Amino acid sequence: MVMFMAFWAELQNNIYTNIFYSGRFFLYMKGLLITLNIAFFSAVLGVLIGMLIAIVKVYSVQNKGLKPLNFICDIYLTFVRGTPMAVQLLIMYFVFFAFAPATFQIPIAIIAFGFNSGAYVAEIIRAGIQSIDRGQMEAGRSLGLTKNMTMRFIILPQAVKNILPALFNEFITLVKETAIVSLIAVPDLTMAASLVRSRTFNAYVPLFFIAIIYLIIVVGLTALQKRLERRLAVNDQH
Amino acid sequence: MINIKNLHKAFGRHEVLCGIDEEIKQGEKVVIIGPSGSGKSTFLRCLNLLEIPTSGEIWFENVNITDKKTDINVLRQKMGMVFQHFNLFPHLSVLNNITLAPVKLGLQTPEEAKENAIRLLKRIGLEDKANAYPLQLSGGQKQRIAIIRSLAMNPKVMLFDEPTSALDPEMVGEVLEVMKELAKEGMTMVVVTHEMNFAREVGTRVLFMDEGKIVEQNSPTEFFSNPQNPRLRDFLGKVL
C-alpha cells in the first residue's frame, strides 16, 4: 500500500512536469496543430495529384496520345510506392529543396507527404471509377452523351460513394504517418514529446501522452468516417 | 436506312464477325437469332459503334458512321439501344433516368423532357414510379423503363440486345408487349433475342447467325417452317 502510494505520487509528479510544467502543454498543442496542418494540406495536395493521375490512367486506356503521360505517371507511382516515406521526405528536404530557407520545413513536409499520398489517392479514385459497371458507360454513350458527360453525370456520382470513405481513410493514415517529420526538424506532436523527454529524462509520460492524443484523433476521425459512410448509404437508394 | 458492308470484328486473334453484308430498311423489324458465341450481340453493338469494327463500313441514313470524322454521338441520339442488363442509372430517379440525356444534350428543356417522360411512363403504366429509384423496381419494370428512356430521345431505330434474357420468366411478357406496341407504331427495330415467338409474330425478317456470318435469312413464316441450312435446322430443333 505504501509502495503504491509512493508510485502514485511519483506518477502525478511526472505527469505534471512532463505535460504541464513551464508551458509544455502548449508545446504539445502547437505540435498537434502542426501535425494536423501537415496532414490536412498534404491530403488536399494528394487529392489534386491523385485526381490528375486517375484521369490520365482512366483515359489513357483508349486515348493513345496520353501514353507518354501515362508512362510518367507509372514511374511516379512505382517510385512512391516502392520507397520508404522517410526516404522520400529526406530527398525532398535535402535534395530538391536544399536551397530553401530553414523556415520552410512545414511546406516541404506538406509537399513530400502530398506527393506520397497522391499515388495512393490515384489508386483509390481509379478503383472507385472502375468499380462502376461498364454497362453504365455504354448506356450513357448509347443515348448520345459524350464520354465526358457520361463520366460527369453517370459514372462519377456513383463512384464518389466508393471514393469518399476511402479518401477519409487516407487522411487518417496521413495523420499517423506525419509522425516522422521530425526527421527534417519540423516541431510536430512527436517532436514535442522528444523535446520534453530530453529535458525531463522521462520517456513514458510524454510518449504515452502523445500516443493517446493520436489515438483520440484517429478514433474520432474513424467515427466520423463511419457516419459519412452511413449518410452516403442513405442517399443511395439501393 | 442502315447499310452494312463487309463488316469484320476481331477481339485480338479471335474473329467474331467474318464479313457481314446487310441492309436494314426503314420500318423493318429484323430479328437476329443464333447460338451463343455466334456474334449476334457483337454485330448489334457494332451498329452504334459500342464495338468498333475491325474493318468494313456501316452507313446510317447515308452517313458512313465508321468514318473517323463522323461524330458518333450525334448519330447515337437517333439510335436507341436496350441492353440485356437494363443499365438504368441507379443513382437517379426513374424520371431523371429518362430526362437526363435529352436535357443535358440540349434537345429538350427540363419541362418538355419531364412532360415527355410522364407521357411515356403513362404509356407503359408506370407513371406512379416516376420518383422511384431503379433498385426499387422489378426486372420487367426496369427494362420497360430502359426502353422508354431510349424512346425519349426520339430515335429512328431501336436496337435490342437480348432484352428479355435477364428477366424472370413471368416478366418477359410485359417487356415483349411494349416492344410489340413499338413495332406496331412503325419503329425500325433490330432485335437480338432467343424469343422465337416474338421473332415469328413481330419480325418482318429473321436472320440466323453462326460463327460470325449470317447463314440464312427469310420471312418468319418461311424461316421457321422451311429452314434450309443444316445448322439452322439443328438450332431450331433444339430451341423450338
Pairs where the first residue, in segment A:145-156, is closer than 10 Å to B:Asn73 by Cβ and within 7 Å of chain B (Cβ to nearest Cβ) and the second is part of a helix (DSSP H, G or I) and of a type in the set (A, V, I, L, M, F, W, C), C-beta under 6 Å, 6+ apart: A:Leu145/B:Ala101
Of all residues making up segment B:189-217, the number that are touching a residue at least 24 places away in the same chain (Cβ under 8 Å), out of contact with any Cys (no Cβ under 6 Å at 6 or more places or on another chain) and charged (D, E, K, R): 5
Number of positions in segment B:207-239 that are crowded, with 18+ Cβ neighbours inside 10 Å, under 19 Å from B:Gly37 (Cβ atoms) and out of contact with any Leu (no Cβ under 7 Å at 6 or more places or on another chain): 5
From B:Ile58, B:Ile52, residue being at pLDDT 90 or above, crowded, with 22+ Cβ neighbours inside 10 Å and hydrophobic (A, V, I, L, M, F, W, C): B:Ile58
Qualifying residue in segment B:88-108 (condition: touching a residue at least 60 places away in the same chain (Cβ under 8 Å) and at positive phi): no
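Find the residue count for segment B:2-36, including only residues that are at positive phi and in contact (Cβ under 8 Å) with a residue 60 or more places away in the chain. Steps first, please.
To start, the set of residues in segment B:2-36 that are at positive phi comprises B:6, B:12, B:19, B:27, B:34.
Those left that are additionally in contact (Cβ under 8 Å) with a residue 60 or more places away in the chain: B:19, B:27, B:34.
Residues in segment B:2-36 being at positive phi and in contact (Cβ under 8 Å) with a residue 60 or more places away in the chain: 3 in total.
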Pairs, first within 11 Å of another protein chain (Cβ to nearest Cβ) in segment A:222-238, second surrounded by 14 or more Cβ atoms within 10 Å (Cβ to Cβ) and modelled with pLDDT of 90 or more, C-beta under 6 Å, six or more apart: A:Gln237/B:Tyr133
Residues of segment A:14-33 that turn out to be modelled with pLDDT of 90 or more and either buried (at least 17 other Cβ atoms within 10 Å of the Cβ) or closer than 12 Å to A:Ala193 by Cβ (or both), as a count: 4
Pairs with Cβ under 6 Å, 6+ apart, first in segment B:65-79 and more than 8 Å from chain A (Cβ to nearest Cβ) and under 17 Å from A:Asn63 (Cα atoms), second surrounded by 15 or more Cβ atoms within 10 Å (Cβ to Cβ) and modelled with pLDDT of 90 or more: B:Ile72/B:Leu49
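Residues checked against (1) more than 10 Å from chain B (Cβ to nearest Cβ); (2) at pLDDT 95 or above; (3) surrounded by fewer than 16 Cβ atoms within 10 Å (Cβ to Cβ):
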position	(1), (2), (3)
A:Ala100	yes, no, yes
A:Ile106	yes, no, no
A:Asn116	yes, yes, no
A:Ile132	no, no, no
A:Asn162	yes, no, no
Neighbours by Cβ (under 9 Å, 6+ apart or cross-chain): first from segment A:164-180, under 17 Å from A:Glu123 (Cα atoms) and touching a residue at least 40 places away in the same chain (Cβ under 8 Å); second of a type in the set (Lys, Arg) and assigned to a helix (DSSP H, G or I): A:Pro165/A:Lys226
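Applying the selection to segment B:90-102, what residues are assigned to a loop (DSSP other than H, G, I, E, B) and either out of contact with any Pro (no Cβ under 7 Å at 6 or more places or on another chain) or more than 9 Å from chain A (Cβ to nearest Cβ) (or both)?
B:Leu92, B:Ser93
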Total residues in segment A:55-69, condition out of contact with any Cys (no Cβ under 8 Å at 6 or more places or on another chain), among the hydrophobic types (A, V, I, L, M, F, W, C) and assigned to a helix (DSSP H, G or I): 4
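Residues checked against (1) over 30 Å from B:Ser93 (Cβ atoms); (2) more than 19 Å from the chain's Cα centre (by Cα); (3) part of a helix (DSSP H, G or I):
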residue	(1), (2), (3)
A:Phe171	yes, no, yes
A:Thr190	yes, no, yes
A:Val196	yes, yes, yes
A:Leu215	yes, no, yes
A:Val218	yes, no, yes
A:Ala233	no, yes, yes
Tabulated pairs, segment A:56-75, first crowded, with 17+ Cβ neighbours inside 10 Å, second in a helix (DSSP H, G or I) and at pLDDT below 85, C-beta under 7 angstrom, 6+ apart or interchain: A:Val56/A:Leu66; A:Ser60/A:Leu66; A:Leu66/A:Tyr59
Residues that are closer than 30 Å to B:Leu92 by Cβ and not in a helix (DSSP H, G or I), drawn from segment A:82-138: A:Ser131, A:Ile132, A:Asp133
Filtered residues of segment B:165-180 (kept if without any contact (Cβ under 8 Å) to a residue 40 or more places away in the chain and surrounded by fewer than 16 Cβ atoms within 10 Å (Cβ to Cβ)): B:Asp168, B:Pro169, B:Glu170, B:Gly173, B:Glu177, B:Lys180
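The values are calculated or read from the model by the stated rules, or taken from the named source; none is laboratory data. The structure displayed is predicted, hence computed values, not measured ones. Heads up, the Cβs are rebuilt from the backbone with ideal geometry, glycines too, and the neighbour counts pull from every protein chain shown.
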